Amino acid sequence: MRRFFISDTEHFSLLKLSRQLLCVLLCCVSFSVIAKRPVVLVIDSYHQGYGWVDHYQQGITEALAKRAQLHFYQLDAKRLPVDAYENRAEQAWQTYLALKPDVVILCDDEAVALLTIRISNHGTPVVYFGVNSDARDHGLLKLENVSGLVERPLFKRSLAYLRELLPLPPKKVLVLWDDSPTAQRTLVESFDGGGTTTVYGIQVEHRQVSHVSAWQQSIVTSQQQGFDAVVVGLYQKLLDEQDLQVDDSALLAWTSQHTPLPIFSFWDFAVGKRGTIGGLVMSGKEQGRAAAKRAELFIHKIPMSSFPSTENSGYFIFSREQLKRWQIVLPEQIEEIATLVE
């Protein structure tokens, strides 16, 4: 029997070749796995850096990043004029056609209004959330491959809970809004267009302003005008004296510092030691997670009848610093389910 002996040099070369072949094999397997992962396109109405967007993107990413290929596109509607929306939507459509996603997640009213029907008619399932207006206005309820969450019922319940959060039940509350299309839709759908309304026995004045000077004046004079509390609505579209968009984080911090009254909010991105006390709010992160779960159901071909469009119930989120500042003690039943942040 002939025996073959391999030199050390040849042995090293064979080992090196084996490792290279193994790496190639693993890469092929990895790329194959990646290729098989479903593609999810997330179209944001607004922009990264806006707290609401950052929060829900975190929720979507945590829920789907390991199971799907995620792609994000921003319409930038908070910073662009209304007449630029159609062009941005067309760019989003081209991105959609190029990616050929398995599911599209549409976030907030602008993306939903501009793209839902178009994408649905193209055969791709759509999940939506962040919708303040009536889903019927967008034709969403007639589409078999569309499902999502609406926000409208939360606002009045959020105001109602002020009776349990403040030491004395409020009789008169000021709610401040910018004059953005989103704010206008919210007022029309949830508060009959705004103005002064009564919510669970509370007189609520909705005030829309376009410039930061009017916002600041409303804040510093709120107590003199007989209000018991202030609620921050939307403020990202406010303009300064040069008609330039203001820094929303700086404005929120100014509001928190100069308010003579406790301030609450409808959205979690405004809660914090340099923001509002909190309240029953819409959580971007939780909405992102909920949308991601619905996207997974679409991916797994679960019938639409199993998960019809639902309403967002909201979450109790409060700032420890703000609770301490305003000497507010949470009722036990709220404290047990609330999330506390700095």
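Here, each number is a calculation from the coordinates, and none is a lab measurement. Being a predicted model, the structure only gives us computed values, none of them experimental. Here Cβ is always computed from backbone atoms with ideal geometry, including for glycine, and neighbour counts include all displayed protein chains.
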(message) Along the Cα→Cβ direction, 7 angstrom out, place labels at Gln58 and Asp192. What is the inter-label distance in nm?
(response) 3.9 nm
(message) Longer than 21 Å from Cα to Cα, which of Lys66/Lys100; Lys171/Lys285; Lys78/Lys285; Lys285/Lys324; Lys36/Lys100; Lys66/Lys301 are they? Say none if no pair is.
(response) Lys171/Lys285; Lys285/Lys324
(message) Report the gain in length on full extension from Ala65 to Gln224: 0.36 nm times residue separation, minus Cα-Cα distance, nm rounded to one decimal.
(response) 52.2 nm
(request) Over the alpha-carbon set of region 129-283, work out the extent along each principal axis and list the three values in angstrom, largest first. (result) 51, 40, 28
(request) Give, in nm to one decimal, the length gained when the segment between His300 and Ala160 is fully stretched (0.36 nm per residue of separation minus the Cα-Cα distance). (result) 46.5 nm
(request) Express the C-alpha Rg of region 42-149 as a ratio against the empirical globular expectation 2.2 N^0.38 Å, rounded to two decimals. (result) 1.00
(message) Going Cα to Cα from Lys293, which aspartates and glutamates come in below 12 Å? Please leave out same-chain ones fewer than 8 positions away.
(response) Glu62
(request) May I ask you to compute the full-extension gain from Gln203 to Asp179, defined as 0.36 nm times their residue separation minus their alpha-carbon distance, rounded to one decimal in nm? (result) 6.5 nm
(message) Relative contact order of region 188-342, please, whole-number percent, based on alpha carbon pairs below 8 angstrom and at least 6 residues apart.
(response) 16 percent
